[in-house]
Each structure stands twice: as C-alpha cells, then as structure tokens.
Amino acid sequence: MLKEFKPTILFLLKFGLIFGVGSLIYGSYINNYRQLDPPQPDAFTLWVAKQSNSILQTFGYEADLWYPETEPIVVIYIKGFEDDNVSFYEGCNGMNIMILFVAFVFAFGNRYKQMLWFLPAGLVAIHIFNLFRLLSLSIMATLSHSIFHFTHKYAFTGVIYAFVLFLWYLWATKFGKPSASEE
C-alpha cells in the first residue's frame, strides 16, 4: 500500500522541506531588520515599494515614500491623499508566495533544464503581478477605505493565489511533466 502512495509522499516531503527551509531562511532575513534600532524595512520590501512609487509617479501621481522610525515598514502616500496612505510590510513584497511557487515546482518535477527558465520566468511574473496588485491598492486607498480593505484582504489575495495556481498548472501539465520520449 505504501508503494501506491510513494509519489505523493515524496512530493509532500520535498514540498514541505523546500517550503520550510525557504521560510526559515526568509524569516531569519526579516528578523535581522526587525531587530535593528530603529527597526527598518528589509531590502526586498524597500525595493518593491520604490518600484511601486516610481510606477505611480510614471502614471502622473505625486507619490512619495516615508519610513516610520517605529516599525519596519515603508509608507507610500499620494499628494492630496496623505491620510489614505498605504503601508508596505514584509508580507506585501510577494516573497512568501514566491517561496511557495519554488517549493511546488521543485517538488513536482525533475525536469531541471525546464526549471532553468520556468522558475525565473514564474518569479518575474509573480513580481510583476504583485506590483500591479500594490499599485491598484495604492490607488484604491485614495478612493474608499472599505473598497481598499475588501480588495486587500480578500479579492487580491484570492487573485494572486489563483495566478500562482495557474503557473503551477502550467508547470504540471505543460513544462514539468516528461515528454513521451523522456519516459
């Protein structure tokens, strides 16, 4: 009976190991910034916030960044809407979902040549999708607190996970499974 479930068990073990190790490394990275006095946002979150701010400015918004000295966050505010700013925490940068994506791709298949292009392409796609999410949320914050809260908490969370599920689907059905000649 165990032989029947061996592929599933191996997948779950690989997935759990890769996701667990990736999360521990990322958590350690984040804690280094939280322990600073004063706490500072991590470099990746800062990079994502700066990109979001630059794109907002490209679209004509007078946006700027602010770094509170009491929390490890970056705040984007748009001129005229300073009370409706958006705070970027480490969870906003997309890294957690990227770790989840990498864990699945590695756990699912052994097609390493395919992974050499699929993983970077997927990570870039997730990053771009996340930037779109952050830009949309920044603009929604200027429109309505209730719209912002709903889209942040529910709509965009569901949409970004659906996007990653789509990438996983592509990997599992198109790129990660061996072709007939490789079997």
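Each reported figure results from applying straightforward, stated rules to the coordinates on display, with no laboratory input. Just so it is clear, the structure is predicted and the values come from calculations on it, not from any experiment. Reconstructed Cβ throughout: ideal geometry from the backbone, glycine too, with neighbour counts over all protein chains shown.
Please state the charge dipole magnitude for the chain, taken about the Cα centre, from unit charges on C-beta atoms (+1 on K and R, -1 on D and E), reported in debye and rounded to the nearest 20.
Roughly 1000 debye for the chain.
What do you get when you divide the Cα radius of gyration of region 8-175 by 2.2 N^0.38 Å, with N the number of residues?
1.14
From the phi of every residue in region 60-74, what ³J(HN,Hα) in whole Hz does the Karplus formula 6.51 cos²θ - 1.76 cosθ + 1.60 yield, where θ is phi - 60° and glycine or proline is x?
x, 7, 8, 10, 8, 9, 9, 10, x, 7, 9, 9, x, 10, 10
Please compare each pair in K14/K113; K14/K153; K14/K50; K153/K174; K79/K153; K50/K174 to a cut-off of 27 Å on the Cα-Cα distance and tell me which ones are over it.
K14/K153; K14/K50; K153/K174; K50/K174
Along region 142-156, what does the Karplus equation 6.51 cos²θ - 1.76 cosθ + 1.60 (θ = phi - 60°) give for ³J(HN,Hα), rounded to whole Hz, x for Gly and Pro?
Once rounded to whole Hz, the list reads 7, 8, 6, 5, 5, 5, 4, 4, 5, 5, 5, 6, 10, 4, 6.
Each residue of region 101-115 in order: what ³J(HN,Hα) in whole Hz does its phi give by Karplus 6.51 cos²θ - 1.76 cosθ + 1.60, θ = phi - 60°, with x for Gly and Pro?
4, 4, 4, 5, 4, 5, 6, 6, x, 10, 8, 5, 5, 5, 5
Can you give me the convex hull volume of the Cα atoms of region 18-114, divided per residue and expressed in Å³?
114
Would you mind telling me which residue in L143, L119, L65 has the biggest mean-square fluctuation in a Gaussian network model of the chain, where springs connect alpha carbons within a distance under 10 angstrom?
Looking only at L143, L119, L65, the largest GNM fluctuation is found for L143.
If amide H atoms are built 1.01 Å from N in the plane of the peptide, which residues on other chains or at least 5 residues away come under 5 Å of the amide H of F88?
Amide H neighbours of F88, under 5 Å, 5+ apart: V74, V75, I76.
Taking the dipole about the Cα centre of the chain, with the C-beta of Lys and Arg at +1 and of Asp and Glu at -1, give me whichever of V75, Y61, A49 is farthest to the positive side.
It is A49, whose Cα lies furthest towards the positive end.
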